[in-house]
1. Among the residues of region 115-134, write down those that are surrounded by 14 or more Cβ atoms within 10 Å (Cβ to Cβ) and closer than 19 Å to TYR20 by Cβ.
2. Starting from region 117-134, take each residue that is free of Cβ contacts under 8 Å to residues at least 24 places away in the same chain and list its partners that are part of a helix (DSSP H, G or I) and of a type in the set (Gly, Ala, Ser), counting only C-beta distances under 8 angstrom and pairs at least six apart or across chains.
3. Looking for something touching a residue at least 40 places away in the same chain (Cβ under 8 Å), closer than 15 Å to LEU17 by Cβ and small (Gly, Ala, Ser) - is there at least one such residue anywhere in region 92-103?
Amino acid sequence: MEVQMEDNNFKKTEYTLYNYKSLDTKIKNIDIDIDNLENDITVNAISYEERSSPTNAFSSVVENEVIKREEKTADKIQALKYKRKYNLNLKTKIDGALEQLTSDEFKLVELRYFSKDKKTWIEIGLTLGFDKDYCTKLRNKIIERLSDLIYP
């Protein structure tokens, strides 16, 4: 069971590193979505000041629909804010974990996970001055360390 958890964290950490460069874009897009929802004029255009009826009950189908839509919008905004916070925290954790690496280890991560064209182990080895077997062993060590730091 322990080996399976470690393997799962290994894969999760690698996936996180492969997607690290897109985190800033994700966060910016979430900000745009939140802003769009908060400034949606179709929701804000109706005033609720005059609600008069003998029983003070809502009888307008339109009013009820607008209130439902406002509640759904508020829920969407809350979910987006949670997503944003999660992604910001994840980026902070990754940045902190990457600071713990040596320059060779960071260069390996950069070449393997952050470059647009995924480099082979032979290419990485040539760049770093190591053979491919040493690079894969080093990667395993790096991912284990990063996994412990990012997903304690």
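Only the coordinates and a few stated rules stand behind these numbers; no lab work does. Please read all numbers here as calculations on a predicted model, not as lab measurements. Please note: Cβ atoms are built from the backbone with ideal geometry, for glycine as well, and neighbour counts cover all protein chains shown.
1. Of everything in region 115-134, those that are surrounded by 14 or more Cβ atoms within 10 Å (Cβ to Cβ) and closer than 19 Å to TYR20 by Cβ turn out to be LYS119, ILE124.
2. That search, which allows pairs on different chains as well, returns ASP131/GLY125; LYS132/GLY125; TYR134/GLY125.
3. Within region 92-103 (the criterion being touching a residue at least 40 places away in the same chain (Cβ under 8 Å), closer than 15 Å to LEU17 by Cβ and small (Gly, Ala, Ser)), the answer is yes, since at least one residue qualifies.
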